Amino acid sequence: MVLHAFALIAALAAGTAQSPPGVQVVLQRAPDPWWKWLLPTVVQTVISLLSIGAGVAIAVWSFRRNRETEHVQWARDQKRAEWQKIQELIIEVWNILQPVIRKEELDSITHGDLFNAVRKLRQPLSRTSFIQCPFDDDKFRGQYDRFLLKVDKEGGEVRAKVDYLRTPEPLQGMNHTPQEKLALITKAFESRNKLIDELTNEFQEIDHQLKSMMRIDLGLRATADFTLSS
């Protein structure tokens, strides 16, 4: 009986020690680490910075590319202008030679017009700014200078012969028979024809070589038009 009484008292004491009715114990979860909530912001920031960097890089590349393209075009325009000047001087020489061939007149040669035109053309051929200097080719420079010397020397000889034939007979210091006069005239015209043929062929070769140089320098096709004004 005594043991039964103690058991009953223990049961009552345990019942009174329980939590009041309606109160529950809730276990709280530990807070997330700081880097876990910061990570999305960092990722978004990095993506934004990469996007901005890529945009800036593309803009810089595009700017440099445009600058390079503009510089290449500018240099090409300068080359074209320099070759255009040379072409104009070539045409000037032909404008003197062709009437001589066509009209069989010596005035353009004997008055020094041809020599002056050929010497004028030599200047831009020997001193260039943007194009490959034609006179860097020693063989071409020698060919051109020989042509210039021939125009000066042999043109002077023809001029002397023509002046002699144009001088009135009494002032020549000697009288010629009609046959002698005809022989002198014939010889003078033979010299004239030979000189013009040689000068024409030699300058045609010079013109051809200059056009080939221009084609290479400007990257033109073999059949390209040589009008450089456009």
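To keep it simple, each residue is scored yes or no on (1) basic (K, R); (2) in contact with a helix residue (DSSP H, G or I) (Cβ under 7 Å, 6 or more places away or on another chain); (3) modelled with pLDDT of 75 or more.
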| position | (1), (2), (3) |
| --- | --- |
| L165 | no, yes, no |
| E169 | no, no, no |
| K187 | yes, no, yes |
| Q209 | no, yes, yes |
### Task
Looking at (1) at pLDDT 90 or above; (2) surrounded by 12 or more Cβ atoms within 10 Å (Cβ to Cβ); (3) under 27 Å from the mean Cα position of the chain (by Cα), find the lone condition where T128 falls short.
(1)
### Query
Does any residue of the stretch 86-96 turn out to be in a helix (DSSP H, G or I) and at pLDDT below 85?
yes
### Query
Do you know which residues across the stretch 123-151 are touching a residue at least 60 places away in the same chain (Cβ under 8 Å), assigned to a helix (DSSP H, G or I) and of a type outside the set (A, V, I, L, M, F, W, C)?
P134, Q143, Y144
## Note on the structure
Expected output for the stretch 183-205 (first residue touching a residue at least 40 places away in the same chain (Cβ under 8 Å), partner assigned to a helix (DSSP H, G or I) and among the acidic types (D, E), Cβ below 7 Å, 6+ apart or cross-chain) is L195/E154
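The values are calculated or read from the model by the stated rules, or taken from the named source; none is laboratory data. Since we're looking at a predicted model, the values are computed, not measured. FYI the Cβ positions are ideal-geometry reconstructions off the backbone, even for glycines, and counts take in every protein chain you see.
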